[in-house]
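In what follows, a single structure is set out as structure tokens and then discussed.
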Amino acid sequence: MLAWLHPRQPRSNADEWAVVKKYCFDCHNYEEQAGNRAFDKLSPDHIAANAETWEAAIRKLRSGLMPPAGEPRPDGKTVTQLVSWLETEIDTAADRAAAAPGRVSLHRLNRREYAHAIRDLLALDVDPAEWLPQDNVAGHFDNNADALQVSPAFVTQYIDAARAIAEQAVGDRKAPPIATTYGDPANMVISLPPAGAPGTGRQQEYIPGMPFGTRGGMSVVHDFPADGEYELTIGDMALAREVPRMEFENTVIVLLDGEEFYRTNVGGEVDHKAIDQTLDPAVEAINDRLRKIKFHATAGQHQLAVTFVHRSFAETDERTRTVALEGGQERIQAVHALQVRGPLTVTGISESASRKKIFICQPAETPEKPCATEIVTNLAERAFRRPIDDADLKGLMAFYDAGYAQGGFEIGVRDALSAILASPNFIYRAESGEGAGAVTLTDLELASRLSFFLWSSVPDEELLKLAEQSRLGSPRVLAAQVHRMLADDRAKSLTDDFAFQWLGLAKLDTIVPDRAQFPQASGLLDPRAMLKEELRLFIDSVLRSDQGVMALLTADYTFLNERLAMHYGIENVKGARFRRVTLPDEARYGLFGKGAIEMMTSYPNRTSPVLRGAWVLETILGAKRPVPPAVVPTLQDNKRGEPPKTLRARLEQHRKNPTCFACHGVMDPLGFALENFSAVGQYRADDPDTHTPIDASGVLPDGTPVQTPGDLRRAIASRPEQFVRALTENVMTFALGRSLDYRDMPTVRAIVRRAAADDYRFESIVLGIVSGEQFRKRDAEGSADGLTQASSQSP
């Protein structure tokens, strides 16, 4: 048990202040002012008046960073009593005063929110990175309103995006034939790289979504502007003189939305012999089978896939192989690029999913102008997340009229849609509220906050209808909507949009396993995509279920497919599909046992107890990561000719400096407890340098010994408030779109206390946040004025 997390014990102000004097005054006094704090100038009778200072102290006390490691420190029970007293003093004063809702700047949709909104408005999947600027990150998250500012230079990008998306959604009866290349354009005309080259990582296995009985290939979602004839060219698979994979026959199949429309064979005895005898003419003949493949497609987005029929698992034909892959699969060809050209002829525009969302009426049934008005009104109200007024409609219909004059009804609707998507009323989430000072959000504004929190997208019809009826403010209705929205598949965005950012998973993409150290996890065998999918499914299973959030640390299951199970040393999982698996080893329980976490807190060639300890301290325990000194000595590598030292021995030598030990004395034991996991997330018993058993033992700040991931997990889980508080802070930061400060902490603690009665279920934490003053109100300054300024820059 973490002794510094014991339950509250009532004591007097004098008793607690005596602890502060004894252990804190030596450094935090008027003369030395360590950390710019002078506790000797403060009073035990006015704790709440200095809440900013004491909240910082509470955070350091809870995480064991104060007093510093190596200095005299009180026992765990005394620390807990001191923290309890400080929190009670601050929370009691906060209960007597209205909570400050905090200021949220004019909030621009970030890339993900923009893409999700387009998906829900127009049934269109777009890549916003094609048009929109990179989002800045503040406080872990890319939805922080203060970081999402737009300069006038960005306005053109939003206009271009609006025009392109509107044309994709409506379609184009006069679309010219355009060639679009996916993958590496160089591989359209140059033979494919050998096995192990970049981009071939999934060619030897079944790709989810492909037909069963296939392996490898490439799948893209292509936007077809109109019904008509198109042609497909697949990147060359044959070249002269060299014949990689051409000795063995592979069957290529091409599918549109899962339906096969073309099949051919590449390689085998005939092709191999032809290349050997005639070189270039044979190469051209083989590659011509993959070029200008004609097919018909209807307007809209469709999935186009090229894959190979799965070869037998019989013994391989391959002559030599360093690492054997699945039986027979090293002989398979690879797809690195494909090109779609068209439409070559246009036969019309079918009723695509996007057009069904847009054209809710047709001129044949209703006169054109009233129908257009109905369409524009419907689109604008959904995009602006509110009813529109006459001024809104008049401006949008002016775009319709201009487009109608150029090309008729559909062009007019397209241009009005473009104006809607370029409008600040869509791009920004403006909140006016009602009243002055700390204003209450309207029900419509509350609906937008709720939907962008849980779905990273616009409110749906049910949520908007309740808001228009002014019913969303009812606690019962709000609770029902939270429950419904978390059960909706759109809430899966919480994993990618919230949890992955909270955990810092973006770093995983930058860690490429060292091929020399980890050949079993490099090149074709790089596990990062699988590790990320495991973590995605695991987190979603906790956040959107009846489990408490402590299951993130304690759950005895995960999600594996065969390859990832083999990476972990688990032998009873078969097939490419991820499925829930009960873990046989408690070391793998929860987040501490996930390979993605272990890998992103390592270096490409070795583990890092320091990085892992800092991650546990900040992410799991909610401490502020200590700022390292300006000059940090380099960790010495083992030298040739000298007896090797374990990583632990080298780190202990590295942190002998008392200044270093003040932080490392807290962080390193947390990281050493995870040292049995390698840099690629595999469990190991021996140190790779000395081949001696790994020493993963450590002592937590209160004296609790730990030496396994299970020990660390149990120590934290025995008193769950610390982790739940850290999680709640991050969820609330994400929900509000602003950084929290000391004034928000009483609310965070109150939410955690209420959630405890419901086993800390994520839904309870969410409901506590959306029911609070910070979520339902805002400071009157800023948002509406910002929208006025943004409108002046709009088209």
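The values are calculated or read from the model by the stated rules, or taken from the named source; none is laboratory data. Remember, predicted model here, so these are calculated numbers, not experimental data. FYI the Cβ positions are ideal-geometry reconstructions off the backbone, even for glycines, and counts take in every protein chain you see. Side chains are part of the model used for accessible areas, which takes the heavy atoms of the whole protein and leaves out ligands, DNA and RNA. Shrake-Rupley method; radii C 1.70, N 1.55, O 1.52, S 1.80 Å.
In the set 458, 482, only one residue is assigned to a loop (DSSP other than H, G, I, E, B), farther than 22 Å from residue 137 by Cβ and touching a residue at least 60 places away in the same chain (Cβ under 8 Å); that residue is 458. Looking across segment 592-629, the residues that are of a type outside the set (D, E, K, R) and surrounded by fewer than 21 Cβ atoms within 10 Å (Cβ to Cβ) come down to 603, 604, 605, 608, 611, 622, 626, 627, 628, 629. Against the list (1) out of contact with any Ser or Thr (no Cβ under 8 Å at 6 or more places or on another chain); (2) farther than 28 Å from residue 661 by Cβ; (3) open to solvent by 30 Å² or more (accessible area, probe 1.4 Å); (4) modelled with pLDDT under 90, the condition residue 49 fails is (4).
Looking only at segment 126-182, residues that are without any contact (Cβ under 8 Å) to a residue 40 or more places away in the chain and outside any loop (DSSP other than H, G, I, E, B) come to 10 in all. Only one entry in 173, 163, 245 is at pLDDT below 95, under 30 Å from residue 356 (Cα atoms) and among the charged types (D, E, K, R), namely 173. For segment 14-46, a tally of residues being surrounded by 14 or more Cβ atoms within 10 Å (Cβ to Cβ) and among the hydroxyl-bearing types (Ser, Thr, Tyr) returns 1. Among the conditions (1) among the charged types (D, E, K, R); (2) under 32 Å from the mean Cα position of the chain (by Cα); (3) surrounded by fewer than 22 Cβ atoms within 10 Å (Cβ to Cβ); (4) part of a helix (DSSP H, G or I), the only one that residue 410 does not satisfy is (2).
Counting only residues that are open to solvent by 10 Å² or more (accessible area, probe 1.4 Å), in a strand (DSSP E or B) and in contact (Cβ under 8 Å) with a residue 40 or more places away in the chain, segment 415-455 holds 4 of them. All of 554, 558 fail the test of being open to solvent by less than 20 Å² (accessible area, probe 1.4 Å), over 17 Å from the mean Cα position of the chain (by Cα), β-branched (Val, Ile, Thr) and at pLDDT 95 or above, apart from 558. Of everything in segment 324-370, what is modelled with pLDDT of 95 or more, part of a helix (DSSP H, G or I) and buried (at least 18 other Cβ atoms within 10 Å of the Cβ)? Give them in sequence order. Across segment 324-370, the qualifying residues are 354, 355, 358. Scanning segment 508-527 for residues that are open to solvent by 20 Å² or more (accessible area, probe 1.4 Å) and either modelled with pLDDT of 95 or more or not charged (D, E, K, R) (or both) yields 510, 512, 516, 517, 518, 519, 520, 523, 524, 525.
Is segment 248-269 home to any residue that is open to solvent by less than 50 Å² (accessible area, probe 1.4 Å), of a type in the set (Asp, Glu) and touching a strand residue (DSSP E or B) at 6+ places or on another chain (Cβ under 7 Å)? No, segment 248-269 contains no residue that is open to solvent by less than 50 Å² (accessible area, probe 1.4 Å), of a type in the set (Asp, Glu) and touching a strand residue (DSSP E or B) at 6+ places or on another chain (Cβ under 7 Å).
Does residue 295 meet the test of being open to solvent by less than 60 Å² (accessible area, probe 1.4 Å), among the aromatic types (Phe, Trp, Tyr) and either modelled with pLDDT of 90 or more or within 30 Å of residue 354 (Cα to Cα) (or both)?
yes
The lone criterion from (1) touching a helix residue (DSSP H, G or I) at 6+ places or on another chain (Cβ under 8 Å); (2) outside any loop (DSSP other than H, G, I, E, B) left unmet by residue 680 is number (2). Every listed requirement among (1) farther than 20 Å from residue 602 by Cβ; (2) in contact with a Pro (Cβ under 9 Å, 6 or more places away or on another chain); (3) in a helix (DSSP H, G or I) is met by residue 725 save one, (2). Note on segment 49-85: residues that are within 17 Å of residue 18 (Cβ to Cβ) and not in a loop (DSSP other than H, G, I, E, B) amount to 12.
Restricting the first member to segment 354-365 and to residues that are in contact (Cβ under 8 Å) with a residue 24 or more places away in the chain, and the second to residues that are of a type outside the set (Lys, Arg) and assigned to a loop (DSSP other than H, G, I, E, B), the beta-carbon pairs closer than 6 Å and six or more apart or on different chains are 354/123; 354/124; 357/123. Can you tell me which residue in segment 561-586 is farthest from residue 680 (Cα to Cα), limited to those that are open to solvent by 10 Å² or more (accessible area, probe 1.4 Å) and of a type in the set (Gly, Ala, Ser)? Among residues in segment 561-586 that are open to solvent by 10 Å² or more (accessible area, probe 1.4 Å) and of a type in the set (Gly, Ala, Ser), the one farthest from residue 680 (Cα to Cα) is 575.
If you check 764, 718, which single one turns out to be within 22 Å of residue 616 (Cα to Cα) and either open to solvent by 40 Å² or more (accessible area, probe 1.4 Å) or free of Cβ contacts under 8 Å to residues at least 24 places away in the same chain (or both)? Full working, then the answer.
Values: 764 fails: within 22 Å of residue 616 (Cα to Cα).
718 is the lone residue from the list that is within 22 Å of residue 616 (Cα to Cα) and either open to solvent by 40 Å² or more (accessible area, probe 1.4 Å) or free of Cβ contacts under 8 Å to residues at least 24 places away in the same chain (or both).
Residues in segment 58-101 that are within 26 Å of residue 666 (Cα to Cα) and of a type in the set (D, E, K, R) were compared, and the one that is least open to solvent (accessible area, probe 1.4 Å) is 87. Restricting to segment 528-540, count the residues that are open to solvent by 40 Å² or more (accessible area, probe 1.4 Å) and either over 30 Å from residue 451 (Cβ atoms) or in a loop (DSSP other than H, G, I, E, B) (or both). Residues meeting the conditions: 1.
Yes/no per residue for (1) farther than 21 Å from residue 521 by Cβ; (2) open to solvent by 10 Å² or more (accessible area, probe 1.4 Å); (3) of a type in the set (A, V, I, L, M, F, W, C):
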{"site": "661", "(1), (2), (3)": "yes, yes, yes"}
{"site": "665", "(1), (2), (3)": "yes, yes, no"}
{"site": "668", "(1), (2), (3)": "yes, no, no"}
{"site": "671", "(1), (2), (3)": "no, no, no"}
{"site": "677", "(1), (2), (3)": "no, no, yes"}
{"site": "686", "(1), (2), (3)": "no, yes, no"}
{"site": "695", "(1), (2), (3)": "yes, yes, no"}
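If you scan segment 658-699, which residues turn out to be within 31 Å of the chain's Cα centre (by Cα) and farther than 19 Å from residue 593 by Cα? Across segment 658-699, the qualifying residues are 663, 664, 666.
Taking the condition of being within 19 Å of residue 747 (Cβ to Cβ) and assigned to a helix (DSSP H, G or I), how many residues in segment 34-48 meet it?
Total satisfying the criteria: 1.
Checking each residue in segment 372-390 for being buried (at least 18 other Cβ atoms within 10 Å of the Cβ) and either in contact with a His (Cβ under 7 Å, 6 or more places away or on another chain) or within 19 Å of residue 107 (Cα to Cα) (or both) picks out 380, 382, 383, 384, 385, 386. Considered as a group, the residues in segment 738-756 that are part of a loop (DSSP other than H, G, I, E, B) and either within 23 Å of the chain's Cα centre (by Cα) or modelled with pLDDT of 95 or more (or both) include one that is nearest to residue 53 (Cα to Cα), and that residue is 740.
For segment 683-722, the tally of residues that are touching a strand residue (DSSP E or B) at 6+ places or on another chain (Cβ under 8 Å), of a type in the set (Ser, Thr, Tyr) and outside any strand (DSSP E or B) stands at 2.
Within segment 730-737, is even one residue surrounded by fewer than 22 Cβ atoms within 10 Å (Cβ to Cβ) and not in a helix (DSSP H, G or I)? No: zero hits.
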